[in-house]
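So the structure is just underneath, and the comments pick up after that.
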Amino acid sequence: MSETAGVMAAGIQDNDVPVDRPSTFWERTANHGAGLRRGPRGLKQMLRNLVLRYRQTPPAQRVIGFILLGVVLTLPLSMAFNQRTSVEELAAMTAKRSVMRQSKADVPDEIVSTQNTSQDQLEKERPAQDCTTCPRMVKLPAGSFVMGSPEDEAGRQWSEGPQRRVSVASFSLSETEVTVAQFAAFVVDTGYIAAGECLGWEGVRFGYSANLKWNNPGFTQSDQHPAVCLSWADAKAYVTWLADKTGKHYRLPNEAEWEYAARAGVSRLPEVEEGETDGICAGANVVDKTFKTSMAVAPDWDVYNCADGVVRTAKVGSYKPNAFGLYDMVGNVWEWVEDCWHYNYLGAPSKGRAWSEKKCTLHVQRGGGWGDSKLGGARPASRSNDAVAERSVYTGFRVALDR
């Protein structure tokens, strides 16, 4: 059969055969690849050419041609796979470098700024109150800040790092710590009993006692003092009741929200910087000269170099508020927050939510208290922890509200 007859038998017309055909095998193979690049019509023409050339090509060259054609067909897929692998490797390397920076407590350049809340945003709204015995709530603007402390901050603990930028949505926080009167309203309404021992002073003895309670912590308090001898579980019971009573989402603040509120737009409080502790008594109830001269246990304690005349807890709102209009964010009593305790911030969320676990035996406390045995607790970055059912005369709480 002639070449023309063979072509006709395959259903291909003479006028479909290219006039200017490549004369060598290599040129024909290259032309096949070019057909792929010209789209569907080029692919059709390439298939026709293959049929025409197949009978003309020696067997050995046919094998080589199919190998080269396979290379042409698989090259784009190979390039795409390599590109994806490179992106994945780059992401892994970036994540590894990020963890290495955090483990060294380095703060990346892009989060050196402490607070992005403008001064206009710091202007306070009038505190709102949902009932006569409810806490007064201060609405805080959304913003972001650098959470944790730098390595050179006086009193810093290793659990306060590595620093990282955290974004916080707008929410409301109680103007003061929950008072004796406010907790009493909950107890009267529900019959709640905060049963168990409390760590504190009973006469001259310091230790756990079942006689110490939120309404009798072993020292005199008025209705306007912060309620103490309350566990994390007690605080959760209170906010659950408050939410049911008002129909609003009251809760404990998370740790990021608490520190954001305590900083109120500043990186460090100047009155607690090393060598500048004389002025802290104007803004916080801390362990000071009054405490040292009044407590037999404290003659050898290091205390702040000032005296406010208050030995133990102070009435809420007795000291200067911060720029958000919040009182006693530092000092007076340690405050429970929602988060489970973690030993540092590696792996902590950056979106201002609680860092919780399914089984959590320890929860975070923030802010420092009136009877800290070491200086350094009265800082926005200061952290402590205690068990879910633990109570002490140094610990209370405040509440948050979603808006």
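The values are calculated or read from the model by the stated rules, or taken from the named source; none is laboratory data. Computed from a predicted structure; not experimentally measured. As a convention, Cβ positions derive from the backbone with ideal geometry for all residues, glycine included, and neighbour counts pool all protein chains shown.
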Item to check | Selection count, region 331-347, where residues are buried (at least 18 other Cβ atoms within 10 Å of the Cβ) and at pLDDT below 95 | outcome: 1
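With the requirement that a residue be β-branched (Val, Ile, Thr), within 22 Å of CYS340 (Cα to Cα) and in a helix (DSSP H, G or I), what does region 220-259 give you?
Filtering region 220-259 for residues β-branched (Val, Ile, Thr) gives 220, 228, 239-240, 246.
Next cut, within 22 Å of CYS340 (Cα to Cα) only: 228, 239-240.
Result: VAL239, THR240.
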Item to check | Residue tally, condition over 21 Å from the mean Cα position of the chain (by Cα), polar (S, T, N, Q) and either assigned to a loop (DSSP other than H, G, I, E, B) or within 16 Å of LEU252 (Cα to Cα) (or both), over region 347-403 | outcome: 2
Item to check | Every pair of residues 6+ apart whose Cβ atoms lie under 6 Å, when the first sits in region 359-376 and is closer than 19 Å to THR290 by Cβ and crowded, with 20+ Cβ neighbours inside 10 Å while the second is among the small types (Gly, Ala, Ser) and modelled with pLDDT of 90 or more | outcome: GLY368/GLY331; GLY368/SER382
Item to check | Leading residue by the ranking (surrounded by the most Cβ atoms within 10 Å (Cβ to Cβ)) among those in region 175-202 that are free of Cβ contacts under 8 Å to residues at least 12 places away in the same chain and of a type in the set (Gly, Ala, Ser) | outcome: ALA195
Checklist entry - What about VAL393, is it out of contact with any Ser or Thr (no Cβ under 7 Å at 6 or more places or on another chain) and more than 20 Å from TRP214 (Cβ to Cβ)? => result no
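Only one residue in VAL330, VAL316 is assigned to a loop (DSSP other than H, G, I, E, B), out of contact with any strand residue (DSSP E or B) (no Cβ under 8 Å at 6 or more places or on another chain) and in contact (Cβ under 8 Å) with a residue 60 or more places away in the chain, so which one is that? Even if it seems obvious, please write down each step before you answer.
On the way: VAL316 fails: out of contact with any strand residue (DSSP E or B) (no Cβ under 8 Å at 6 or more places or on another chain).
Among VAL330, VAL316, only VAL330 is assigned to a loop (DSSP other than H, G, I, E, B), out of contact with any strand residue (DSSP E or B) (no Cβ under 8 Å at 6 or more places or on another chain) and in contact (Cβ under 8 Å) with a residue 60 or more places away in the chain.
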Checklist entry - For TRP355, all conditions in the list (1) in contact with a Pro (Cβ under 9 Å, 6 or more places away or on another chain); (2) aromatic (Phe, Trp, Tyr); (3) buried (at least 21 other Cβ atoms within 10 Å of the Cβ) hold save one; what is the number of the exception? => result (3)
Next on the checklist: Going residue by residue through region 147-156, is there one that turns out to be in contact with a strand residue (DSSP E or B) (Cβ under 7 Å, 6 or more places away or on another chain), surrounded by fewer than 21 Cβ atoms within 10 Å (Cβ to Cβ) and not charged (D, E, K, R)?
Outcome noted: no
Next on the checklist: Pairs please, first residue from region 115-136 and among the polar types (S, T, N, Q), second anywhere and modelled with pLDDT under 90, Cβ atoms under 6 Å, 6+ apart in sequence or on different chains.
Outcome noted: GLN115/GLY265; THR117/GLY265
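Do we have any residue at all in region 198-217 that's within 28 Å of GLY325 (Cβ to Cβ) and part of a loop (DSSP other than H, G, I, E, B)?
We begin by selecting, within region 198-217, every residue within 28 Å of GLY325 (Cβ to Cβ); these are 214, 217.
Next cut, part of a loop (DSSP other than H, G, I, E, B) only: 214, 217.
Yes, region 198-217 contains a residue that is within 28 Å of GLY325 (Cβ to Cβ) and part of a loop (DSSP other than H, G, I, E, B).
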Checklist outcome for this item: Checked pairs for region 144-159, first free of Cβ contacts under 8 Å to residues at least 12 places away in the same chain and more than 16 Å from SER384 (Cβ to Cβ), second hydrophobic (A, V, I, L, M, F, W, C) and assigned to a loop (DSSP other than H, G, I, E, B), C-beta under 8 Å and 6 or more apart or across chains, list as none
Checklist entry - Looking at ASN322, is it out of contact with any Phe, Trp or Tyr (no Cβ under 6 Å at 6 or more places or on another chain) and not acidic (Asp, Glu)? => result yes
Item to check | Considering residues of region 141-165 that are part of a helix (DSSP H, G or I) and not aromatic (Phe, Trp, Tyr) only, the residue farthest from GLU257 (Cα to Cα) | outcome: SER159
Checklist entry - Give me the pairs: first residue in region 246-261 and touching a residue at least 60 places away in the same chain (Cβ under 8 Å) and on the phi > 0 side of the Ramachandran plot, second residue in a loop (DSSP other than H, G, I, E, B) and of a type in the set (Asp, Glu), beta-carbon distance under 9 Å, and six or more apart or on different chains, which are they? => result none
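Tally time: how many residues in region 157-174 are under 14 Å from ASP402 (Cα atoms) and crowded, with 18+ Cβ neighbours inside 10 Å? Walk me through how you get there before you give the answer.
Going through region 157-174, the residues under 14 Å from ASP402 (Cα atoms) turn out to be 168-174.
Still in the running and crowded, with 18+ Cβ neighbours inside 10 Å: 168, 171-174.
So the count comes out to 5.
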Next on the checklist: With the requirement that a residue be buried (at least 20 other Cβ atoms within 10 Å of the Cβ) and in a loop (DSSP other than H, G, I, E, B), what does region 283-302 give you?
Outcome noted: GLY283, ALA284, ASN285, VAL286, VAL287
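Going through region 128-140 one residue at a time, which ones are crowded, with 19+ Cβ neighbours inside 10 Å and either in contact with a helix residue (DSSP H, G or I) (Cβ under 9 Å, 6 or more places away or on another chain) or part of a loop (DSSP other than H, G, I, E, B) (or both)? Lay out the reasoning, then the answer.
Residues of region 128-140 crowded, with 19+ Cβ neighbours inside 10 Å: 134-135, 137-138, 140.
Passing the criteria: CYS134, PRO135, VAL138, LEU140.
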